[in-house]
1. Where the second residue is part of a helix (DSSP H, G or I) and of a type in the set (Asp, Glu) and the first is within 25 Å of Gly32 (Cα to Cα) and lies in the stretch 166-193, which pairs have Cβ atoms under 8 Å and are six or more apart or on separate chains?
2. Would you mind telling me which numbered condition in (1) within 24 Å of Thr116 (Cα to Cα); (2) part of a helix (DSSP H, G or I); (3) of a type in the set (Gly, Ala, Ser) Ala62 fails?
3. Mind listing just one residue for me: the one in the stretch 22-51 that is part of a loop (DSSP other than H, G, I, E, B) and within 16 Å of the chain's Cα centre (by Cα) and, of those, surrounded by the fewest Cβ atoms within 10 Å (Cβ to Cβ)?
4. Considering only the stretch 3-21, state which residues are surrounded by 11 or more Cβ atoms within 10 Å (Cβ to Cβ) and assigned to a loop (DSSP other than H, G, I, E, B).
5. Residues in the stretch 127-142: is at least one at pLDDT below 95, surrounded by fewer than 22 Cβ atoms within 10 Å (Cβ to Cβ) and among the hydrophobic types (A, V, I, L, M, F, W, C)?
6. Taking Ser146 and the conditions (1) crowded, with 18+ Cβ neighbours inside 10 Å; (2) touching a residue at least 60 places away in the same chain (Cβ under 8 Å); (3) closer than 25 Å to Gln160 by Cα; (4) among the small types (Gly, Ala, Ser), which numbered condition does it fall short on, given that it satisfies the others?
7. Taking the residues in the stretch 92-126 that are buried (at least 21 other Cβ atoms within 10 Å of the Cβ) and either at pLDDT below 95 or of a type in the set (Val, Ile, Thr) (or both) as candidates, determine which candidate is farthest from Thr157 (Cα to Cα).
Amino acid sequence: MKLTEMKVNDYLELLKSKVPAPGGGSVSALSGAQGVALILMVADLTIGKEKYADYEDICCDAKEKALPLYKALINGIDKDTEAYCVVADARKMSKCSDEEKAVRKEAIAKSTILATQVPFETMEQGYQALKLTEGLIGNSNPNASSDLGVAAINLSTCVQGAWLNVLINLPGIKDEAMASKFKTEGEKIFKASKELSDKLYEAVRISLL
């Protein structure tokens, strides 16, 4: 059964068990999906209300851009666990002969790239959602402003958690140029998203005082 099809309690029971996956990568994607879900909720609480007509276009645009991110992050919950399992299966391959060792080595190399690419995409998606959150603060139903703050927190967790999953896999990537690109681009996204999420949280917090 897919993680996204499980009941919350069943998912949490699996998460806390000694089974290594799902783990931090899937949790990061889930955090991102929750953040985007809050963006969509706030947009829908604004759209169509005469009192907030000035925010209509902004919220409609945010909703249109948030929906594909929502779907991608939901898919990422299972994709991360699946990627881990591919790596685990590759490591279990026979290595009795030189030929088997070579095949196993190649399988591990390919699967490690996948296990890095998936959380890297989660980082990108989380950061894009943070930028959508920024656009809604002060431009949406003020009664749901705290929800945008919680969205920022979840999206920050999404990016930061996914970054840790990128970093832990980097040593296994033998293509130095590819590993360097993941590291360089990931560092940029991490720093930009952390700065933005902190800024958004403070903006919401101060507005509620």
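The values are calculated or read from the model by the stated rules, or taken from the named source; none is laboratory data. Just so it is clear, the model here is predicted, and its values are computed rather than measured. With ideal geometry, Cβ positions are generated from the backbone for all residues, glycine too; neighbour counts draw on all protein chains shown.
1. Ile189/Glu124
2. (1)
3. Here is the first cut: in the stretch 22-51, the residues part of a loop (DSSP other than H, G, I, E, B) are 22-23, 45-49.
Right, trim to within 16 Å of the chain's Cα centre (by Cα) and you get 22-23.
Working: Pro22: 22, Gly23: 15.
Taking the candidates together, the pick is Gly23.
4. Passing the criteria: Met6, Ala21.
5. First pass over the stretch 127-142, keeping only residues at pLDDT below 95: none.
No.
6. Condition not satisfied by Ser146: (1).
7. Looking at residues that are buried (at least 21 other Cβ atoms within 10 Å of the Cβ) and either at pLDDT below 95 or of a type in the set (Val, Ile, Thr) (or both), I get Thr112.
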